[in-house]
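Just below is one structure, and these are the notes that go with it.
The values are calculated or read from the model by the stated rules, or taken from the named source; none is laboratory data. If you're wondering where the values come from, they're calculated on a predicted model, not measured in any experiment. As a convention, Cβ positions derive from the backbone with ideal geometry for all residues, glycine included, and neighbour counts pool all protein chains shown. Just so you know, the surface numbers come from the protein's heavy atoms only, side chains and all, with ligands and any DNA or RNA stripped out. Shrake-Rupley method; radii C 1.70, N 1.55, O 1.52, S 1.80 Å.
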Amino acid sequence: DIQNPFPFPETIVIDNLSDNIGDQDFIGVKVGDINGSGSFSSTSILGKVQIDENANCAADSSENPLADWLVRCYGQGLSLSTTTTTLGTYILHVPPGTYDVTLTPPNPLWEVCTDTVQDVVVEFLEDVDVDFAAQVVSQCPLLEVDLSTFFLRRCFESTYNIFYCNKGTALAESAFVEIEFDPFLTVVNSTIPWSSVNGNTYTFPVGDMAVGECASFNVVVNVSCDAVLGQTHCSEARIYPDTLCIDNLLWNGSNLEV
């Protein structure tokens with residue numbers, strides 16, 4: 001970073017082509033980095049999302065964070081989005097301008113005190129804080145799990161990542177993940193131990209999960225050499241307990257599998 005000792009921006013007037021601008025002072029401004037640890041822009045909207053435990057509709061520092069919540073901003077012809085980290089923080093790198101910032105609850109168990117903060121003005125090289133507080137509508141754990149892998153290659157080992165969260169409003173006790181692996185996949189090892197195996201279904205205990213808690217583990221599998229090049233391998237993850245505490249009045253019982 002280079003400290004700017006002059007008013008910024010500075011205008012230089014050139015009256016004709018013979019003017020010499022070699023004696024003028026110029027200023028370098030660091031606007032980010034490209035090594036993966038930063039951003040191309042140093043103009044940002046950032047903040048945190050937390051549980052409003054004392055019902056004052058403010059994100060107090062002592063209150064617990066909410067991870068993986070969707071934050072969006074609209075303005076300057078842009079629509080940008082991100083999700084909160086495990087610390088409940090988020091950052092959106094934006095050009096200077098005026099924006100509306102919104103927070104979307106992951107399910108009907110939550111209600112946001114103010115779901116949209118309008119007319120947030122961001123100046124050049126400025127970070128603007130926009131915090132959100134969310135309140136509990138109904139006490140209920142609600143677990144989600146995601147199973148993904150970069151690729152599967154026959155005759156070689158590949159790694160599945162299993163990411164899971166408690167998006168509910170209450171502690172999920174003695175939670176566990178069941179993974180049914182494709183018949184062409186053989187489990188080699190995992191970063192947490194499995195407790196039982198039934199055919200191709202492996203059970204992984206993950207313990208009690210607090211409100212907003214997210215975690216992950218990996219499973220290494222070997223793809224059978226009998227697999228056909230280009231073959232699709234179907235594996236499925238489920239997480240328990242999966243009992244719903246409230247009825248979703250918008251759901252008619254239909255289900256879509258892709």
>> At R0 = 41 Å, how high is the FRET efficiency between V197 and N252 if r is their beta carbon distance? Nearest 0.05 is fine.
In response: 0.65
> Ignoring ligands, DNA and RNA, how do D100, D131 rank by accessible area with a 1.4 Å probe, largest first?
Replying inline: D131, D100
>> How much length would be gained if the chain were fully extended between E157 and Q139, taking 0.36 nm per residue of separation minus their Cα-Cα distance, in nm to one decimal?
In response: 2.3 nm
>> Let me make sure I get this right: for segment 204-258, a, b and c are the square roots of the gyration tensor eigenvalues over alpha carbons, sorted descending. Under 1.5 in a/c it's rounded, otherwise prolate if a/b > b/c, else oblate. Which is it?
In response: oblate
